[in-house]
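Please read the structure below before turning to the comments.
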Amino acid sequence: MTREHRDFLAIPDFSSAELGSLFDLAESMRTGVYDKKPLAGQSLAMIFMKASTRTRVSFEVGTYQLGGHALFLSPRDVQLGRGEPISDTAKVLSRYVNGIMIRTFAHSEVEELAREATVPVINGLTDLLHPCQVLADLLTVRQQLGEISGRKVAWIGDGNNMANSWINAAHVLGFELSLACPAGYDSDAAILERARSGGNVTLVRDPGEAVRDADVVTTDVWASMGQEEEQAVREKAFHGFCVDAALMSRAAKGAIFLHCLPAHRGEEVTADVIDGPQSRVWDEAENRLHIQKAIMAVLMGGEKL
């Protein structure tokens, strides 16, 4: 196999025009207009160094629906969990499968895997980025509100991998993004600086300021996987950052609420918001399936953007 392939490690790997085409493809898959099997006879290796519900099920089901076969590989199932170099795993898997999806901790591991593999690599999540989820979020916005251009998105809470991917999305697509993060919990400085220099991205400390006239309000848990021991400290730091009805009332009329899940009702969001009429979290979760099918169809199945 050759290196003549594309990877998807971060949202800027696709141009604005390509993202538009990707959303169109995903929507055609959601509605059933697209019924091809571009992954027929192909296999996707799914490496999970971090556990998952939505990532595993959506990639596995999506691969099957496109005619392919997915292999679930936990740390117990691959030698990575016992210290095998990533480069060795990449080279071996490239001899067996047609694509690799990995969900892990360090972003550098995904980058190394992509450098060494001779098949497409998809970032299912790292501590730095969660690009598939934010593309699913953007697909949801598109379905509910139309094109993202001219819209305002408010991120409330931790400047984590979700926030970083929202910043990357704003950098590529040009919509307004306002992040409200407690001091000490800002997003990645390099990602934020790049987006600020070329787009309408702001970082504030007041959630009320961030959500003012926002079309989309989104958040995530205060302590992500691997940060559980910080829970008490984070609860204190994030006091006042809960998305409740009062905060949502400051957003634009018709604003929608998004959350990548799992959610902790009563912490980062109240039950009446996430389970209320403005919430689109279930459509958002479903859209993981459709956008990832589109990504695989392009990277592995030969579909053009």
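The values are calculated or read from the model by the stated rules, or taken from the named source; none is laboratory data. Note that the coordinates shown come from a computational prediction; the quantities given were computed from them, not determined experimentally. Every residue, glycine among them, receives a Cβ derived from its backbone with ideal geometry; neighbour counts consider all protein chains shown.
Within the range 257-269, one or more residues are touching a Lys or Arg at 6+ places or on another chain (Cβ under 9 Å) and of a type in the set (Phe, Trp, Tyr). Restricting the range 39-50 to residues that are within 23 Å of the chain's Cα centre (by Cα) and not hydroxyl-bearing (Ser, Thr, Tyr) leaves a set whose member that is farthest from Asp127 (Cα to Cα) is Leu39. No other residue among Ala190, Ala232 is among the hydrophobic types (A, V, I, L, M, F, W, C), surrounded by fewer than 22 Cβ atoms within 10 Å (Cβ to Cβ), part of a helix (DSSP H, G or I) and within 22 Å of the chain's Cα centre (by Cα) apart from Ala190. Given (1) surrounded by fewer than 24 Cβ atoms within 10 Å (Cβ to Cβ); (2) over 15 Å from Val217 (Cβ atoms), identify the lone condition not met by Cys132. (1) is the only condition that Cys132 fails. Report yes if some residue within the range 82-92 is of a type outside the set (A, V, I, L, M), modelled with pLDDT of 95 or more and closer than 19 Å to Ala285 by Cβ; otherwise report no. Within the range 82-92 (the criterion being of a type outside the set (A, V, I, L, M), modelled with pLDDT of 95 or more and closer than 19 Å to Ala285 by Cβ), the answer is no, since none of the residues qualifies. Is it true that Phe72 is outside any strand (DSSP E or B), at pLDDT 95 or above and touching a strand residue (DSSP E or B) at 6+ places or on another chain (Cβ under 7 Å)? Criteria not met by Phe72.
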